[in-house]
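A.B. asks: Below you'll find the structure I mean.
The values are calculated or read from the model by the stated rules, or taken from the named source; none is laboratory data. The structure displayed is predicted, hence computed values, not measured ones. Positions of Cβ are generated from backbone atoms using ideal geometry, with glycine treated the same way; all protein chains shown enter the neighbour counts.
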Amino acid sequence: MRKLIFLLRKEFRQIRRNPFMIRAIIGVPILQMLILVPAVTFEVKRIDLAVIDSDRSQASRELVSKLTGSSFFVVTAIPGSIREAESMLFSGDADMALVIPSDFSEGLSGVTRPRLQVLVDAVNATSAQLSWSYLVSVVRDFNREVVLNKGMVTAASPGGIIASPGGMAMSSGSLPGLSVSPRYWYNPTLNYKYYMLPGVLVILITAIGLMMSGLNLVREKESGTIEQINVTPVMKWELIASKVIPFFIIGLIDLALGLSIGWVAFNIPFEGSLLLFFACAAIFLVAVLGVALFFSTMASTQQQFLFVAFFFVMIFILMSGIFTPTESMPLWAQQFNWVNPVAYLMRINRMVMLKGSGFQDIAADMGMLAMLAVAFLALAIWAYRKRA
Amino acid sequence: MKAIEAKNITHHYGKITAVDDLSFTVGEGELFGFIGPDGAGKTTLFRIAATLIIPSGGRMTLFGLNVVSGFRELRNHIGYMPGRFSLYQDLTVEENLRFYATIFGTTIKENYYLIEPIYRQIEPFKKRRAGQLSGGMKQKLALSCALIHKPRVLILDEPTTGVDAVSRTEFWEMLEGLKEEGITIIVSTPYMDEALRCDRIALMQQGRLMGIDTPAAIRSAYGRKLWSVSHPERYRLLLALRKMPQVAASEPFGDSVHMTLHEGAIPEDVRRMLDEAGIHDAAINEATPGIEDVFLELMKKEVRRSEV
């Protein structure tokens, strides 16, 4: 035990003396929080709209002004033909093209059913869908107003318009008289930052815990210092503990730093218990440090380690549900997440921070995370014994 | 009790046999040298002795403790200096020394007398980071760290490789001082001149031992008379000698050429033939065989044997 204290003292001395380490420990949380949180967003804030208005009526102008009245749509072009609009979509000058038929205003008075055509650049499927649904909701509003103004409150409203994306007919299908007003829980303003921030905190401690600790151990191998240590009476567990403990502490410090930045810079709400939050992070760190240790037993140079670690960190993070809900992933991906510690903490962090979930709500995830931590650490120690 | 006893020690790396069936003993307090070219298996043998690797076959004991089963106890008594500098470059001289003292459960003060002659020379730089020391100073620090727990056996793997001549001489003087403290030392070196300072030496080649004896005995075991031939045009001389049927072997040695003759041939024959070849006034003197000569001869025998 006394030897462990000497080993730890040496470890902290080396960390303190390494300018890169100090910069990374302080710089990584600041940069990640300030860059990733506001930058990574699926919100569509501006849609460049090309409008072909073949009707040129008051009604069509009203529709367009209703669209531009919402903060999302900006009319950037008024092409003369659909072909021209298509080439604008292709070149990226427009994200969406709206074709208003010449019978638009006639249709509104109940003679025909006017069909709006909408062309959407769907390279990014998510933003295409969002743009589409924004448009539909504006059209739906417009529709209802028309219907109400005319006093036609029947279900089969002949005056309704149909918006169809890419020529595909689709009824906007809102029943006049029935209106849905959503109320968003846990993130009432639908602030994307609130959704991302708990996830970025997970990325942060994954990067710190996995990369730094592993690199540290491999560096001892690379420089040969481990040879000298191995000839001393230092036991394997003491050496492993001396490598794990400092980065466990640093990971928690960085988490606190990241969270503070979240409060100061983004005013992130924190509904749950701080203690529970840090307890889960601690369990998670043990699991991640186990993974790092396991990789470092296999690598003999820092380069090898970095490559392997980078590869797995990417997979862990991308599959963890940080961007897309894990529930919508294919079954095999969901099964993979059983052994993905990042997925557990991603879920726990969001629940604790945004919903204020208590111990009982996250007990199952916590238990699994704890089991993973024990398993990874055991695997690492076993691999380490076998190699040395 | 013998300090080191090795019986049929063998070690393979995959298909390569690094150490091939070695048996030897080292007495307590002995300064024992392993001489051999790179790749002879010295480092592997030393790593086995230092409890770092488990041999594929055979057994080795240090002070009666098996290097495999008794490694935990043994590590308290071994001082190991790997061929590559393996201390913490980002810690200072003093911090390195204190670190190794503490993990062995001792203090610098307690065994200071042992390292004093060595450490005193680097003490003025004790606040300097180990990475910024010169080669000779690094080596002294490494030796100090290997000694700080007062080991019973010192295992030094090519400690003088890459160190200047003055530091090398100093280093061997230090080893002799440590011998007087009763510490058993095994040391490997590619330098033949250093071998003379050992009590006994083992010649190693391709994982095998080619002979173990005192340096003097090894030299006298050299079968034939050795002649040193010198002439300003050394290369021509060497070529001429190698063509002569009377000459059994000729190897360049410093400024001269060392040769041995076949049975019945005399140096006068050689001088006459050199004259005929246009190499006049070559000096031919009897030479004392050095370790190199023995080594080269043994190596040739080895090659011949493996060719048969």
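A.B. asks: Which condition number in (1) surrounded by fewer than 14 Cβ atoms within 10 Å (Cβ to Cβ); (2) on the phi < 0 side of the Ramachandran plot is the one that A:Gln334 fails?
C.D. replies: Of everything listed in (1) surrounded by fewer than 14 Cβ atoms within 10 Å (Cβ to Cβ); (2) on the phi < 0 side of the Ramachandran plot, A:Gln334 misses just condition (1).
A.B. asks: If a residue must be more than 12 Å from chain A (Cβ to nearest Cβ), in contact with a helix residue (DSSP H, G or I) (Cβ under 6 Å, 6 or more places away or on another chain) and hydroxyl-bearing (Ser, Thr, Tyr), how many such residues does region B:99-131 contain?
C.D. replies: Looking only at that region, the number is 1.
A.B. asks: Among A:Ala299, A:Ala281, which is closer than 18 Å to A:Phe248 by Cα and assigned by TED's automatic domain parsing to the domain that holds A:Ile249? Steps first, please.
C.D. replies: On the way: A:Ala299 fails: closer than 18 Å to A:Phe248 by Cα.
Exactly one residue qualifies, and that residue is A:Ala281.
A.B. asks: Among (1) buried (at least 21 other Cβ atoms within 10 Å of the Cβ); (2) more than 19 Å from B:Pro82 (Cβ to Cβ), where does B:Ala146 come up short?
C.D. replies: Here B:Ala146 clears every test but (2).
A.B. asks: Shifting gears a bit: Any idea which of B:Lys7, B:Lys2 is away from chain A (no Cβ under 14 Å), of a type outside the set (Ser, Thr, Tyr) and assigned to a loop (DSSP other than H, G, I, E, B)?
C.D. replies: Working: B:Lys7 fails: assigned to a loop (DSSP other than H, G, I, E, B).
Among B:Lys7, B:Lys2, only B:Lys2 is away from chain A (no Cβ under 14 Å), of a type outside the set (Ser, Thr, Tyr) and assigned to a loop (DSSP other than H, G, I, E, B).
A.B. asks: Filter region A:335-350 down to the residues that are farther than 15 Å from A:Phe376 by Cα and aliphatic (A, V, I, L, M) and list them by number.
C.D. replies: A:Ala343, A:Leu345, A:Met346, A:Ile348
A.B. asks: Okay, next question. Residue under question is B:Ala50, and the condition is that it be within 12 Å of another protein chain (Cβ to nearest Cβ), closer than 19 Å to B:Lys2 by Cβ, touching a residue at least 40 places away in the same chain (Cβ under 8 Å) and touching a helix residue (DSSP H, G or I) at 6+ places or on another chain (Cβ under 9 Å); does it hold?
C.D. replies: Working: within 12 Å of another protein chain (Cβ to nearest Cβ): yes; closer than 19 Å to B:Lys2 by Cβ: yes; touching a residue at least 40 places away in the same chain (Cβ under 8 Å): yes; touching a helix residue (DSSP H, G or I) at 6+ places or on another chain (Cβ under 9 Å): yes.
Against the criterion (within 12 Å of another protein chain (Cβ to nearest Cβ), closer than 19 Å to B:Lys2 by Cβ, touching a residue at least 40 places away in the same chain (Cβ under 8 Å) and touching a helix residue (DSSP H, G or I) at 6+ places or on another chain (Cβ under 9 Å)), B:Ala50 qualifies.
A.B. asks: Checking the condition under 15 Å from the mean Cα position of the chain (by Cα) and over 25 Å from B:Thr288 (Cα atoms), which residue from B:Ile201, B:Ile155, B:Ile148 passes? Reasoning before the result, please.
C.D. replies: Numbers: B:Ile201 fails: over 25 Å from B:Thr288 (Cα atoms); B:Ile148 fails: under 15 Å from the mean Cα position of the chain (by Cα).
The match here is B:Ile155.
A.B. asks: Can I ask one more? Under 8 Å by Cβ, and 6 or more places apart or on different chains, what pairs join a residue from region B:146-173 that is modelled with pLDDT under 85 with one that is of a type in the set (Phe, Trp, Tyr) and surrounded by 19 or more Cβ atoms within 10 Å (Cβ to Cβ)?
C.D. replies: Final answer for the pair search is B:Val163/B:Phe171.
Per-residue answers, yes or no, for (1) under 16 Å from A:Val139 (Cα atoms); (2) away from chain B (no Cβ under 14 Å); (3) touching a strand residue (DSSP E or B) at 6+ places or on another chain (Cβ under 8 Å):
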position: A:Met1; (1), (2), (3): no, no, no
position: A:Glu11; (1), (2), (3): no, no, no
position: A:Ala24; (1), (2), (3): no, yes, no
position: A:Val37; (1), (2), (3): no, yes, no
position: A:Glu43; (1), (2), (3): no, yes, no
position: A:Glu62; (1), (2), (3): yes, yes, no
position: A:Leu67; (1), (2), (3): yes, yes, yes
position: A:Phe73; (1), (2), (3): yes, yes, yes
position: A:Ala77; (1), (2), (3): no, yes, yes
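A.B. asks: Looking at region A:53-69, can you tell me whether even one residue there is assigned to a helix (DSSP H, G or I), at pLDDT below 90, over 24 Å from A:Arg144 (Cβ atoms) and outside the structural domain of A:Thr206 (by TED's automatic domain parsing)?
C.D. replies: No, because not a single residue in region A:53-69 is assigned to a helix (DSSP H, G or I), at pLDDT below 90, over 24 Å from A:Arg144 (Cβ atoms) and outside the structural domain of A:Thr206 (by TED's automatic domain parsing).
A.B. asks: Inside region A:327-343, can you point out the residues that are within 20 Å of A:Ala373 (Cβ to Cβ) and either touching a residue at least 60 places away in the same chain (Cβ under 8 Å) or in a helix (DSSP H, G or I) (or both)? It would help to see each step written out before you state the result.
C.D. replies: Narrowing region A:327-343 to residues within 20 Å of A:Ala373 (Cβ to Cβ): A:335-343.
Hits for region A:327-343 are A:Gln335, A:Phe336, A:Asn337, A:Trp338, A:Val339, A:Pro341, A:Val342, A:Ala343.
A.B. asks: Going by the conditions given, is B:Asn96 closer than 29 Å to A:Gln14 by Cα, in contact (Cβ under 8 Å) with a residue 60 or more places away in the chain and within 11 Å of chain A (Cβ to nearest Cβ)? Write out each step before concluding.
C.D. replies: On the way: closer than 29 Å to A:Gln14 by Cα: yes; in contact (Cβ under 8 Å) with a residue 60 or more places away in the chain: no; within 11 Å of chain A (Cβ to nearest Cβ): yes.
It is false that B:Asn96 is closer than 29 Å to A:Gln14 by Cα, in contact (Cβ under 8 Å) with a residue 60 or more places away in the chain and within 11 Å of chain A (Cβ to nearest Cβ).
A.B. asks: Condition first: loosely packed, with under 12 Cβ neighbours inside 10 Å, touching a His at 6+ places or on another chain (Cβ under 8 Å) and modelled with pLDDT under 85. Can you find one or more residues in region B:269-282 that meet it? Even if it seems obvious, please write down each step before you answer.
C.D. replies: In the first step, residues of region B:269-282 are kept if they are loosely packed, with under 12 Cβ neighbours inside 10 Å; the result is B:272, B:276, B:278, B:280-281.
Imposing the further condition that a residue be touching a His at 6+ places or on another chain (Cβ under 8 Å) reduces the set to B:281.
Going one step further and asking which of them are modelled with pLDDT under 85, we end up with B:281.
Checked against the condition, which is being loosely packed, with under 12 Cβ neighbours inside 10 Å, touching a His at 6+ places or on another chain (Cβ under 8 Å) and modelled with pLDDT under 85, region B:269-282 yields at least one hit.
A.B. asks: Same structure, new question: For region B:196-308, give me every one of the helices (runs of 4 or more DSSP H) that falls completely inside it and has 2 or more residues that are of a type in the set (Lys, Arg) and touching a strand residue (DSSP E or B) at 6+ places or on another chain (Cβ under 9 Å). Walk me through how you get there before you give the answer.
C.D. replies: On the way: elements: B:215-220, B:234-243, B:267-276, B:291-307.
Because the criterion is at least 2 residues that are of a type in the set (Lys, Arg) and touching a strand residue (DSSP E or B) at 6+ places or on another chain (Cβ under 9 Å), the helices (runs of 4 or more DSSP H) in region B:196-308 that meet it are B:234-243, B:291-307.
A.B. asks: Considering region B:10-29 alone, what residues qualify as being in contact with a helix residue (DSSP H, G or I) (Cβ under 9 Å, 6 or more places away or on another chain) and crowded, with 19+ Cβ neighbours inside 10 Å? Don't jump to the end; show me each part of the working.
C.D. replies: Our first condition is that a residue be in contact with a helix residue (DSSP H, G or I) (Cβ under 9 Å, 6 or more places away or on another chain); within region B:10-29, this holds for B:11, B:13, B:18-19, B:22, B:29.
The answer is B:His11, B:Ala18, B:Val19, B:Leu22.
A.B. asks: To continue, here is another question. It is to be established whether one or more residues within region B:61-69 are at the interface with chain A (Cβ under 9 Å from one of its Cβ atoms) and of a type in the set (A, V, I, L, M, F, W, C).
C.D. replies: Restricting attention to region B:61-69, the residues satisfying the condition of being at the interface with chain A (Cβ under 9 Å from one of its Cβ atoms) are none.
No, that holds for no residue.
A.B. asks: In region A:1-48, how many residues are surrounded by 13 or more Cβ atoms within 10 Å (Cβ to Cβ), charged (D, E, K, R), without any contact (Cβ under 8 Å) to a residue 60 or more places away in the chain and in contact with a helix residue (DSSP H, G or I) (Cβ under 9 Å, 6 or more places away or on another chain)?
C.D. replies: Going through region A:1-48 one residue at a time, the tally reaches 3.
A.B. asks: Of everything in region B:70-84 that's under 20 Å from B:Ala18 (Cα atoms) and surrounded by fewer than 20 Cβ atoms within 10 Å (Cβ to Cβ), which residue is nearest to the other protein chains (Cβ to nearest Cβ)?
C.D. replies: B:Arg84
A.B. asks: Check B:Phe32, B:Phe24 and return the single one that is at pLDDT 90 or above, in contact with a Leu (Cβ under 7 Å, 6 or more places away or on another chain) and not in a loop (DSSP other than H, G, I, E, B). First the steps, then the outcome.
C.D. replies: On the way: B:Phe32 fails: in contact with a Leu (Cβ under 7 Å, 6 or more places away or on another chain).
Selected residue: B:Phe24, the only one of B:Phe32, B:Phe24 that is at pLDDT 90 or above, in contact with a Leu (Cβ under 7 Å, 6 or more places away or on another chain) and not in a loop (DSSP other than H, G, I, E, B).
A.B. asks: For region A:106-139, how many residues meet the condition of being of a type outside the set (Val, Ile, Thr), farther than 21 Å from A:Gly92 by Cβ, surrounded by 19 or more Cβ atoms within 10 Å (Cβ to Cβ) and at pLDDT 80 or above?
C.D. replies: Kept after step one, since they are of a type outside the set (Val, Ile, Thr), are these residues of region A:106-139: A:106-110, A:113-117, A:119, A:121-122, A:124-125, A:127-135, A:137.
Subset that is farther than 21 Å from A:Gly92 by Cβ: A:106-110, A:113-116, A:133, A:137.
Filter again for surrounded by 19 or more Cβ atoms within 10 Å (Cβ to Cβ), leaving A:107-108, A:114, A:116.
Of the ones still in play, those that are also at pLDDT 80 or above are A:116.
So the count comes out to 1.
A.B. asks: On to the next question. Assess whether B:Ile35 counts as being closer than 30 Å to B:Asp193 by Cβ and either in contact with a Ser or Thr (Cβ under 8 Å, 6 or more places away or on another chain) or not assigned by TED's automatic domain parsing to the domain that holds B:Ala146 (or both).
C.D. replies: Numbers: closer than 30 Å to B:Asp193 by Cβ: yes; either in contact with a Ser or Thr (Cβ under 8 Å, 6 or more places away or on another chain) or not assigned by TED's automatic domain parsing to the domain that holds B:Ala146 (or both): yes.
The answer is yes for B:Ile35.
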